[in-house]
Amino acid sequence: MIKESFFKELRAKIQSNFEEGGSHAFDHTERVYNLSLKLSKNKKVDLDVIKASALLHDIARLKEDNNEIECHAEHGSKMAEEILKEMNFPEEKIKQVIYSIKVHRHSKKIKAETKEAEILQDADRLEALGAITIARMFSTGGKINMPLYKPEIPFGKVHEGYHMDSTIHAFHAKILKLTPETFNTKEAKKIAKERYRFVEEFLDQFLKEWKGEL
Ligand code: FE
């Protein structure tokens, strides 16, 4: 097992690739890292691969947000390979990290073929459910000046690309699609259930307040 000091060094090395604030600042990566370790408990998985994949999975996210690249999963796997090679991370583990990062993206719906990749997918998808997700959604919405809600537009209307009518519409288009049974591991399904219920409750109360019913 690789020493903790390696991952400390890796963290320091990659900081500049992340935005200061917003939904994909480094705190998102830290939560994915912690969730990945939690989901790895009592499982025969390579923790070095789990840790490196979690820390590096969104390394190219800012580039994608700035329209410099097309897919942060694809490009991020290449950046991860370079960084890990430079730090002498074992060759066979690098291959696994590349794979996990390539398939992590939930909008692409790729079936993960390794336990480590399944865990990264689950941890990253759990980050899209729950109280922090609600905060992240409105933070992103605020950044692009998106309305909180547009009651005149029905849910489920499909748009080209990333356009959403309001942040509440984005919950319907993205977050509510992450139903607990779509997670890979038993442990993640359980956490997802709790977090999904919380989001539903929030949306329910939001609409009641909007209509002046509560
Ligand atoms: Fe992520």
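Just a few scattered comments:
- GNM on the chain, alpha-carbon springs under 10 angstrom: the most fluctuating residue among A131, A52, A80 is A131.
- Split the accessible area of segment 42-137 by element, probe 1.4 Å, and carbon with sulfur accounts for 49%.
- For the chain, the fraction of C-alpha pairs farther apart than 25 angstrom is 40 percent.
- Derived scalar couplings ³J(HN,Hα) [segment 66-75; Karplus, 6.51 cos²θ - 1.76 cosθ + 1.60; whole Hz; x for Gly, Pro]: 8, 6, 7, 9, 7, 10, 6, 6, 5, 5
- C71-E201 FRET efficiency (beta carbon distance; Förster radius 45 Å; 0.05 resolution): 0.85
- Length gained when the stretch A135-K193 is fully extended (0.36 nm per residue, less Cα-Cα span): 19.0 nm
- In summary, the convex hull built on the alpha carbon positions of segment 1-111 has an orientation-averaged projected area of 7.0 nm².
- Trypsin sites (Lys or Arg not before Pro) within segment 18-73, DSSP loop, no more than 13 other Cβ atoms inside 10 Å: K41, K44
- Take every pair of alpha-carbon atoms less than 8 Å apart whose residues are at least six positions apart; their mean separation over the length of segment 50-191 yields a relative contact order of 18 percent.
- Both numbers refer to the Cα atoms of segment 104-214; Rg and Dmax are 14.9, 49 Å.
- Between the Cα long axis of helix 4-14 and the first principal axis of the chain there is an angle of about 60°, rounded to the nearest 10.
- Mean-position separation - Cα centroids, segment 151-214 and segment 108-129, in angstrom: 19
- ³J(HN,Hα) computed for each position of segment 101-112 - Karplus, 6.51 cos²θ - 1.76 cosθ + 1.60, integer Hz, glycine/proline x: 5, 4, 9, 6, 5, 6, 5, 7, 6, 8, 6, 6
- When each of K109/K208; K44/K95; K8/K93; K111/K177; K41/K63; K8/K186 is checked by Cα-Cα distance, pairs over 27 Å: K109/K208; K41/K63; K8/K186
- Along the chain, counting only chymotrypsin sites (Phe, Trp or Tyr not before Pro) with a DSSP assignment other than H, G, I, E or B and at most 13 other Cβ atoms inside a 10 Å radius, the longest segment between sites is 1-154.
- For segment 1-111, the relative contact order comes to 22 percent (Cα pairs under 8 Å, sequence separation of at least 6).
- Under the combined filter of DSSP loop state and at most 13 neighbouring Cβ atoms within 10 Å, segment 154-214 retains these GluC sites (Glu not before Pro): E160, E213.
- Sparse packing (at most 13 other Cβ atoms within 10 Å of the Cβ) combined with a DSSP loop state is found for the following GluC sites (Glu not before Pro) in segment 24-87: E68, E70.
- Accessible solvent surface per residue of segment 17-100, calculated while the other protein chains remain in place, 1.4 angstrom probe, Å²: 47
- Pairs of Cα atoms farther than 16 Å apart, segment 151-214, %: 55
- Rg of the Cα atoms in segment 71-119, relative to 2.2 N^0.38 Å, amounts to 1.12.
The values are calculated or read from the model by the stated rules, or taken from the named source; none is laboratory data. A quick note: this is a predicted structure, and the numbers were derived from the prediction, not measured. Every residue, glycine among them, receives a Cβ derived from its backbone with ideal geometry; neighbour counts consider all protein chains shown. Side chains included, ligands, DNA and RNA excluded: accessible areas come from the protein's heavy atoms. Shrake-Rupley method; radii C 1.70, N 1.55, O 1.52, S 1.80 Å.
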